[in-house]
Amino acid sequence: MLKAPSSLGVVFFPAYDWAISPTHPERQERLLYTQDQLREEGLFDFEGIREYKPDVAKTGDVDLAHFTFPDVEQVVTSSHLISAGGAMRAARLVMEREAKRAFALVRPPGHHAMKVVHGTRGFCTINIEAVMVEYLRERYGVRRIAIVDTDCHHGDGTQDIYWNDPDVMFISIHQDGRTIYPGSGFPYELGGPTAIGSTCNIPLLPGTGDQGILHMLDNVVLPVLERFKPEIIINSAGQDNHFSDPITNMAFSAQGYAELTRRLGAHIAVLEGGYSIQGALPYVNLGICLAMADMDTSQVSEPTYDPEMIKQEQRVTDYTLSLADQLRNYFMDPPPMPKHGRVEGEWFVREKEIHYDTDGIFERQTEKVFMCGQCPGTVVIESRADSGPLCLAVQIPLHACPACVEKGHEVFETGQRSKNYRRAMLVDRPGKDVKRVLI
Amino acid sequence: MLLGIDVGGTHTDAVLVGTDGLKAWAKAKTNHTDLMASIRDVLGQIVPQAGHEPITRLNLSTTLSTNAIVEGLTEPVGVFVAAGPGVNPNAYAVGQHFRTISGATDHRGRITSPLDEISALEHAAHCKTAGVSVYACVGKFSPRNPDFEETLRGVVHPQADFVSCGHEFSGQLGFGRRIHTAVFNASVWRVFNRFADAVQRSAIGFGLNAQVNILKADGGTMPLSMSRTFPVESILSGPAASVMGIIAVCDIDQDSVILDIGGTTTDIALFADGAPLIEPEGAVISGRPTLVRALKSRSIGIGGDSAITFVAGHVRVGPRRLGPAMAEGGNHPTLTDALNVLGSAELGDVSASRRGLNELAAQHGSDGRTMAQDAALAAVTSIRAAVIELTRAVNDRPVYTIYELLEGKRLVPKTVYVMGGPAKAMAGLLSEVFPEDVLVPGNYAVANAIGAALSRPTLSAELFADTQRGRMLIPGLDVEESVPRSYDLDAAQEDAARYLRQYLEHLRIEDPEGMMETIEAQSFNMVEDDAMVGRTIRVKCQIKPGVLPGYRKAVSRQC
């Protein structure tokens, strides 16, 4: 029988009883053919590869990653808690050395869910990677974590959550935001003033194929990771760069994904998007599983695969080569301050407008980070969704200095007394304390 | 009256069961070189005891196929595999005559690349030259479309004594398992059929007009006629007979554990609400996973003949055997010897047991009784650990819906039933480590044969429909039909049950409604370009394992 050189745990949860709507791309059928393919290939019969069921994330797990208004119970369904729990289970497998690597093949996805959550955007309600990252830090004390997002859409939610966090490196490779949802993910988005350079965005032209992404991986992603020296690498594994994906315009193949997975060598992969549920997902997911287990992927291919038809155009190749050189230099030596935002005393302030496309909510935010110099700095967010009440969110980060801990509590108390807010939430990570107040 | 025969590793047991209880039993040493001799032996003992009452059924469990496979006494098989893209099919190569034929079918049963018939013909010619006359034809996703397998069958049929096609075994997916199943089936086909001939001759010789059935690994039976085409289904029927025996003699209606303690191993099986658990994927034979439905069981290397050793300051029992117990003339102390020393058993020469343990203990600065206690404790502790592990694995099995994940039933055993040779002697020790009630059923020594006698037929059918393509298939029953676009889950469930019932009637199996249940029913919308284009429907029905209710009443008071 086949044996996996590297053990792999697959947390498979297709949520066959949940969908946004009957014909929505993110629906019950989405992982059905992947399951058919994995079963038919006998993946779980191979020595070293095992299937696991997900954990279920608790409200407290979500609180470590998000400020949810009005509260977790009213915004998040059990399907989201299970999907995040699937990612947590994958992390647990790796941390407890039950498997060398783990793949959470779960739905719904999460990488468009930002720090503040009022509802669902881009099919995402809570950020399942972020819930997992916080679990890795809180439970296992992992300090330096890298997330490499290979979904075709910019991982704007994950970027937002770790914008001010120098211990989490976020790298996103995606179709250029000028051509696709969510319209962000440009190279100048490098993180907040206390974490600049820990966010890296690599926008690709529509029509980029395996050659282009592998070039970016080798020449930008891997050198940046090499310098960051993460303890753990997580792959936000969106499969929608595939040439057959109905909602994107890229030209990756299952072979490209398998090779990307092999070279990246992530410890944990978490499924994100990917909506070519018949033509791509079964093959791409199989390729990723085999690559993570260090098994032969040479015979994995899509029935419609034709290397000539999806060949990357020369102009795309030229663009990719020159962009890679520019980006590597830029990321290795980033500018000292973010391009957007302003300094107000010891605070760095930026205004944000967030559109929840799935739920039709519009949110305005003012985000302030305390430029402490000793630690990542306490973050304060004022958020108003549509005409709803103004909400206050205060985050005292892990490894905060005593001054920032004090600052956080002070802002939270002043906020409550000010009568400016209806709801307020404080997350004090060093003090392991979460407070929600209805004023 | 029902006649049950269980051909075990050591003994061949037979029982005669009437509606008013156990009428007779017989035992003979199993003759491994001539299983028929053992069967004739017990038949000779037991048939005359039936008197004038007719024996209507003979159920037989046999280790023949298992042994042939494990001992490599099978014949070479010509294997044709249409794999298509995915895992490298050479990983499944078995024997000298394995060949991958290009051609691919996808998960919906659509042919995405044609079958290379020329290369199939070449391989057939090679097999013919090599003198191969049994064949296995297997395609990836053949339960979704058996066309390639049928074409390959057509290629080798003229030169074949027998051809196994993968889709005939199960509608369940599992390409590697399908290959192993079809190959094993072809490889034991001849030896099994010779055995079946002999069984039939013997039955006639003893004047039996009984319907003859063979026990399967899932605790059910199949008619002898069917077993001739699916001999691989008879593997691992021995452990299944034991489990069915417990069901027969005990009134199990809750979560329980069955321990069958033999000479070399202890087999563990689990019951949920009184029904035995089935291995969802299929049995593993000789290290190769198959699609053969089997009861969920785990075997650990602890039995009466397990050697007692001393490793790193600890007394250990099994998994090694170093010959028989000293009480039975061996020269190394075993668990049986320890039980003798502790007074839990009185088997053979008890003084030899005592001498053996005293000697081994003396080498390690202990005394025989202490060592016997340590050994017995080590044995029951290992058994308990294995039971906990198996229960945990069952409770940890993957589920795919939010409902199942959040509401899922957990298996919490209330009772431990112990059977097998050392059962009585071990029961007391087991109750010290198991918080559950530990019970040794009466007649435990022949419960396996009672199980064989009372087992009913089992069968499963997996239906797959694709309304966009207008097709419905039940591969195991060889059903393929056109369906309208309006075909839905209700219609599919009805069809699955109807075809299963028809098949049972065709096999002349009574009471087909008996224990039919739907164990899976799913329908998914297929959407293309934001529009619903059809449904993919999957239904799985089965006749679950069980014993004949009328007869069960007669024997169950013995527990």
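Restricting to the stretch A:9-45, and then to whatever is hydroxyl-bearing (Ser, Thr, Tyr) and under 26 Å from B:THR181 (Cα atoms), can you tell me which residue is surrounded by the fewest Cβ atoms within 10 Å (Cβ to Cβ)?
At the first step, the residues of the stretch A:9-45 found to be hydroxyl-bearing (Ser, Thr, Tyr) are A:16, A:21, A:23, A:33-34.
The next check asks that each one be under 26 Å from B:THR181 (Cα atoms); those that pass are A:33-34.
Working: A:TYR33: 23, A:THR34: 26.
In this case the residue turns out to be A:TYR33.
For the stretch A:1-12, how many residues are part of a strand (DSSP E or B) and facing chain B (nearest Cβ under 7 Å)? Can you show your working first?
Let us first name the residues in the stretch A:1-12 that are part of a strand (DSSP E or B), namely A:3-12.
With the extra rule that they be facing chain B (nearest Cβ under 7 Å), the set shrinks to A:12.
Looking only at that region, the number is 1.
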> Can you pull out the strands (runs of 3 or more DSSP E) entirely within the stretch A:131-213 that have at least 3 residues that are of a type in the set (Val, Ile, Thr)?
Replying inline: A:145-149, A:168-175
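One line per residue, one yes/no per condition, for (1) within 18 Å of the chain's Cα centre (by Cα); (2) within 30 Å of A:GLU344 (Cα to Cα):
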position: A:ASP165; (1), (2): yes, yes
position: A:ILE173; (1), (2): yes, no
position: A:THR179; (1), (2): no, no
position: A:LYS229; (1), (2): no, no
position: A:ASN235; (1), (2): yes, no
position: A:HIS242; (1), (2): no, no
position: A:GLY256; (1), (2): no, no
position: A:GLY265; (1), (2): yes, no
> If you scan the stretch B:333-352, which residues turn out to be of a type outside the set (A, V, I, L, M), outside any helix (DSSP H, G or I) and under 18 Å from B:ARG369 (Cβ atoms)?
Replying inline: B:PRO333, B:THR334, B:GLY343, B:SER344, B:GLU346, B:ASP349
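Among the residues of the stretch B:134-186, write down those that are among the basic types (Lys, Arg) and closer than 20 Å to B:GLU75 by Cα. Before the answer, list the steps.
Applying the first criterion (among the basic types (Lys, Arg)) to the stretch B:134-186 yields B:140, B:144, B:153, B:177-178.
Hits for the stretch B:134-186 are B:ARG153, B:ARG177, B:ARG178.
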> Of B:ILE235, B:ILE247, B:ILE258, which residue is over 16 Å from B:THR458 (Cβ atoms), buried (at least 24 other Cβ atoms within 10 Å of the Cβ) and touching a helix residue (DSSP H, G or I) at 6+ places or on another chain (Cβ under 8 Å)?
Replying inline: B:ILE258
>> With the requirement that a residue be in a loop (DSSP other than H, G, I, E, B), more than 10 Å from chain B (Cβ to nearest Cβ) and either in contact with a helix residue (DSSP H, G or I) (Cβ under 7 Å, 6 or more places away or on another chain) or closer than 16 Å to B:GLY84 by Cα (or both), what does the stretch A:272-305 give you?
In response: A:GLY274, A:ALA280
> Which pairs do you get when a residue that is within 10 Å of another protein chain (Cβ to nearest Cβ), found in the stretch B:518-540, comes within reach of a residue that is among the aromatic types (Phe, Trp, Tyr) and assigned to a strand (DSSP E or B), reach meaning Cβ atoms under 7 angstrom, with the pair 6+ apart or on two chains?
Replying inline: B:ARG535/B:PHE524; B:THR536/B:PHE524; B:ARG538/B:PHE464
>> Give me the residue from the stretch B:324-352 that is in contact with a Pro (Cβ under 7 Å, 6 or more places away or on another chain) and of a type outside the set (A, V, I, L, M, F, W, C) and, out of that set, nearest to B:PRO422 (Cα to Cα).
In response: B:THR336
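To keep it simple, each residue is scored yes or no on (1) more than 11 Å from chain B (Cβ to nearest Cβ); (2) in a helix (DSSP H, G or I).
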position: A:HIS24; (1), (2): no, no
position: A:LEU32; (1), (2): no, yes
position: A:GLN35; (1), (2): no, yes
position: A:ALA65; (1), (2): yes, no
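Determine whether the stretch B:272-280 contains at least one residue that is under 19 Å from the mean Cα position of the chain (by Cα) and within 14 Å of another protein chain (Cβ to nearest Cβ).
Looking only at the stretch B:272-280, we keep the residues that are under 19 Å from the mean Cα position of the chain (by Cα), and these are B:272, B:274-280.
Cutting the leftovers down to within 14 Å of another protein chain (Cβ to nearest Cβ) gives us B:279-280.
Yes: the stretch B:272-280 contains one or more residues that are under 19 Å from the mean Cα position of the chain (by Cα) and within 14 Å of another protein chain (Cβ to nearest Cβ).
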> From the set of residues in the stretch B:30-56 that are over 22 Å from B:PRO457 (Cα atoms) and under 23 Å from the mean Cα position of the chain (by Cα), which is surrounded by the most Cβ atoms within 10 Å (Cβ to Cβ)?
Replying inline: B:SER38
> Since B:GLN468 meets every condition but one in (1) away from chain A (no Cβ under 14 Å); (2) in a loop (DSSP other than H, G, I, E, B), which condition does it not meet?
Replying inline: (1)
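Looking at this structure, is A:SER78 facing chain B (nearest Cβ under 9 Å) and either modelled with pLDDT under 95 or under 21 Å from the mean Cα position of the chain (by Cα) (or both)?
Numbers: facing chain B (nearest Cβ under 9 Å): yes; either modelled with pLDDT under 95 or under 21 Å from the mean Cα position of the chain (by Cα) (or both): yes.
Yes, satisfied.
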> Mind checking which residues of the stretch A:161-184 are buried (at least 24 other Cβ atoms within 10 Å of the Cβ) and of a type outside the set (Phe, Trp, Tyr)?
Replying inline: A:ILE161, A:ASN164, A:ASP165, A:VAL168, A:MET169, A:ILE171, A:SER172, A:ILE173, A:HIS174, A:GLN175
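Select from the stretch B:378-432 the residues that are of a type in the set (Ser, Thr, Tyr) and more than 30 Å from A:SER78 (Cα to Cα) and write down the one among them that is nearest to the other protein chains (Cβ to nearest Cβ). Walk me through how you get there before you give the answer.
Quick first cut of the stretch B:378-432, residues of a type in the set (Ser, Thr, Tyr) only: B:381-382, B:391, B:400-401, B:403, B:415, B:417, B:431.
Within this subset, residues satisfying the condition of being more than 30 Å from A:SER78 (Cα to Cα) are B:381-382, B:415, B:417, B:431.
On the way: B:THR381: 24, B:SER382: 22, B:THR415: 27, B:TYR417: 29, B:SER431: 33 Å.
Ranking the candidates gives B:SER382 first.
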>> For the structure I just gave you, tell me whether A:GLY197 is surrounded by fewer than 20 Cβ atoms within 10 Å (Cβ to Cβ) and either under 16 Å from the mean Cα position of the chain (by Cα) or within 30 Å of A:VAL379 (Cα to Cα) (or both).
In response: yes
>> Condition first: within 9 Å of another protein chain (Cβ to nearest Cβ) and in contact (Cβ under 8 Å) with a residue 24 or more places away in the chain. Now tell me which residues in the stretch A:13-22 satisfy that.
In response: A:PHE13, A:PRO14, A:ALA15, A:TRP18
> Within the stretch B:397-419, can you find the residues that are surrounded by fewer than 13 Cβ atoms within 10 Å (Cβ to Cβ) and either among the acidic types (Asp, Glu) or over 30 Å from B:ILE450 (Cβ atoms) (or both)?
Replying inline: B:LEU406, B:GLU407, B:GLY408, B:ARG410
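Which residues, taken from the stretch B:192-211, are assigned to a helix (DSSP H, G or I) and either among the polar types (S, T, N, Q) or within 14 Å of B:LYS140 (Cβ to Cβ) (or both)? It would help to see each step written out before you state the result.
Here is the first cut: in the stretch B:192-211, the ones assigned to a helix (DSSP H, G or I) are B:192-205.
Once the filter is applied, which keeps residues that are assigned to a helix (DSSP H, G or I) and either among the polar types (S, T, N, Q) or within 14 Å of B:LYS140 (Cβ to Cβ) (or both), the stretch B:192-211 yields B:ASN193, B:GLN200, B:SER202.
Taking the stretch B:516-539 as the search range and keeping residues that are under 24 Å from the mean Cα position of the chain (by Cα) and crowded, with 17+ Cβ neighbours inside 10 Å, which one is nearest to A:GLN278 (Cα to Cα)?
B:VAL539
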>> Looking for something touching an Asp or Glu at 6+ places or on another chain (Cβ under 8 Å), surrounded by 24 or more Cβ atoms within 10 Å (Cβ to Cβ) and on the phi < 0 side of the Ramachandran plot - is there at least one such residue anywhere in the stretch B:69-84?
In response: yes
>> Please go through (1) more than 27 Å from A:MET216 (Cα to Cα); (2) of a type in the set (Phe, Trp, Tyr); (3) crowded, with 24+ Cβ neighbours inside 10 Å for A:TYR140 and return the number of the only condition it doesn't satisfy.
In response: (3)
>> Suppose we filter the stretch A:173-191 for residues that are under 17 Å from A:TYR330 (Cβ atoms) and out of contact with any His (no Cβ under 7 Å at 6 or more places or on another chain); how many remain?
In response: 8
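Can we say A:TYR52 is under 30 Å from B:VAL284 (Cβ atoms), in contact (Cβ under 8 Å) with a residue 40 or more places away in the chain and within 9 Å of another protein chain (Cβ to nearest Cβ)? Can you show your working first?
Details: under 30 Å from B:VAL284 (Cβ atoms): yes; in contact (Cβ under 8 Å) with a residue 40 or more places away in the chain: yes; within 9 Å of another protein chain (Cβ to nearest Cβ): yes.
Yes: the conditions hold for A:TYR52.
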> Which residue pairs have Cβ atoms under 9 Å apart, sit 6 or more places apart or on different chains, and have a first residue in the stretch B:395-406 that is in a helix (DSSP H, G or I) and a second that is of a type in the set (S, T, N, Q)?
Replying inline: B:ILE402/A:THR77; B:ILE402/A:SER78; B:ILE402/A:SER79; B:LEU405/A:SER78; B:LEU406/A:SER78
> Which residues, taken from the stretch A:63-103, are within 19 Å of A:ILE145 (Cβ to Cβ), in contact with a Ser or Thr (Cβ under 8 Å, 6 or more places away or on another chain) and crowded, with 24+ Cβ neighbours inside 10 Å?
Replying inline: A:ALA99, A:ARG101
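The values are calculated or read from the model by the stated rules, or taken from the named source; none is laboratory data. Note that the coordinates shown come from a computational prediction; the quantities given were computed from them, not determined experimentally. Positions of Cβ are backbone-derived with ideal geometry, glycine not excepted, and every protein chain shown enters the neighbour counts.
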